[in-house]
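Colleague: Below is one structure. I have some questions about it.
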Amino acid sequence: MVNLIVIAISACLVSNVVLSQFLGICSFLGVSTDVKTAAGMGGAVVFVITLASIVASLIYDHVLVPLDLVYLKTIVFILIIAALVQIVEMFMHKCMVSLYNALGIYLPLITTNCAVLGVALTNTQNSYNFIESVVCGFATAIGYLIAIVLLAGIREHIAGGNVPKSFQGVPIVIVTAALMSIAFFGFSGVI
């Protein structure tokens, strides 16, 4: 049980997928314009990463390893992620039309989000068992959700502020993300 808690805290805070490993930056910067949209994107990523961790772990342990096809893991993981994103996209298109429209191009880009693939590969690299893979995937996704919602909240606050002209737009977002990254490095002493 302690091992699972260590994996969860490490994946969520210490090795935050966006702010420490710098994976998934495209959607992190692109969708974080308001908190509601960022939370929706974070929720979609939580769903996809968690399910991708479950399915990838099962296929890796019960298909690729026994058949000695481990060298195909990256291709197989990409196919799993693409299928899951299609399911999420169809569900959002039917049931959450406003969020689907707000996310725009960034929703299908979850397929190519290196954070999702990175978690699946990290789970196999660290030789995590099924439960550890699920915990790592879920905690990583929660870390992504925390980071994107925090950035969106800060961006909403900054939008009403007095930002110098040379820092308006993308530069202030990158400076903010860099400062958040530095703050998250403070968690490295926890574990």
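The values are calculated or read from the model by the stated rules, or taken from the named source; none is laboratory data. None of the values given here were measured: they were computed from a predicted structure. Don't worry about glycine lacking a Cβ; one is built from the backbone with ideal geometry, like all the others, and counts go over all protein chains shown. When the accessible area is computed, the model is the full protein with side chains, heavy atoms only, and any ligands, DNA or RNA have been set aside. Shrake-Rupley method; radii C 1.70, N 1.55, O 1.52, S 1.80 Å.
Colleague: What residue, of Tyr60, Tyr106, is of a type in the set (Phe, Trp, Tyr) and at pLDDT 90 or above?
Modeller: Tyr60
Colleague: Could you check the stretch 1-24 and list, in sequence order, the residues that are more than 16 Å from Glu132 (Cβ to Cβ), open to solvent by 10 Å² or more (accessible area, probe 1.4 Å) and not in a helix (DSSP H, G or I)?
Modeller: Residues satisfying the conditions are Ser20, Gln21, Phe22, Leu23.
Colleague: Further, regarding this structure: List pairs: first in the stretch 78-101 and under 28 Å from Leu121 (Cα atoms), second among the aromatic types (Phe, Trp, Tyr), Cβ under 7 Å, 6+ apart or cross-chain?
Modeller: Once the first residue is under 28 Å from Leu121 (Cα atoms) and sits in the stretch 78-101, its partners that are among the aromatic types (Phe, Trp, Tyr) give Val88/Phe47; Met92/Tyr100.
Colleague: Residues of the stretch 182-191 being farther than 14 Å from Phe28 by Cβ and either open to solvent by 80 Å² or more (accessible area, probe 1.4 Å) or modelled with pLDDT under 90 (or both), which ones?
Modeller: Ile182, Phe185, Gly186, Phe187, Ser188, Gly189, Val190, Ile191 - these are the residues of the stretch 182-191 that are farther than 14 Å from Phe28 by Cβ and either open to solvent by 80 Å² or more (accessible area, probe 1.4 Å) or modelled with pLDDT under 90 (or both).
Colleague: Name the residue that is farthest from Ala102 (Cα to Cα), counting only residues in the stretch 25-41 that are buried (at least 24 other Cβ atoms within 10 Å of the Cβ) and within 10 Å of the chain's Cα centre (by Cα).
Modeller: Checking each candidate, the answer is Phe28.
Colleague: Looking at the stretch 97-137, which of the residues that are under 15 Å from Gln86 (Cα atoms) and in a loop (DSSP other than H, G, I, E, B) is most open to solvent (accessible area, probe 1.4 Å)?
Modeller: Result: Thr112.
Colleague: I would also like to ask the following. Any chance the stretch 68-77 includes a residue that's of a type in the set (A, V, I, L, M), surrounded by fewer than 22 Cβ atoms within 10 Å (Cβ to Cβ) and not in a helix (DSSP H, G or I)?
Modeller: Taking every residue of the stretch 68-77 in turn, at least one turns out to be of a type in the set (A, V, I, L, M), surrounded by fewer than 22 Cβ atoms within 10 Å (Cβ to Cβ) and not in a helix (DSSP H, G or I).
Colleague: Pick from the stretch 142-181 the residues that are open to solvent by less than 40 Å² (accessible area, probe 1.4 Å) and touching a Ser or Thr at 6+ places or on another chain (Cβ under 6 Å): which of them is farthest from Val31 (Cα to Cα)?
Modeller: Among them, the one singled out is Leu151.
Colleague: With the requirement that a residue be closer than 30 Å to Tyr106 by Cβ and in contact with a helix residue (DSSP H, G or I) (Cβ under 8 Å, 6 or more places away or on another chain), what does the stretch 65-82 give you?
Modeller: Leu72, Lys73, Thr74, Val76, Phe77, Ile78, Ile80, Ile81 - these are the residues of the stretch 65-82 that are closer than 30 Å to Tyr106 by Cβ and in contact with a helix residue (DSSP H, G or I) (Cβ under 8 Å, 6 or more places away or on another chain).
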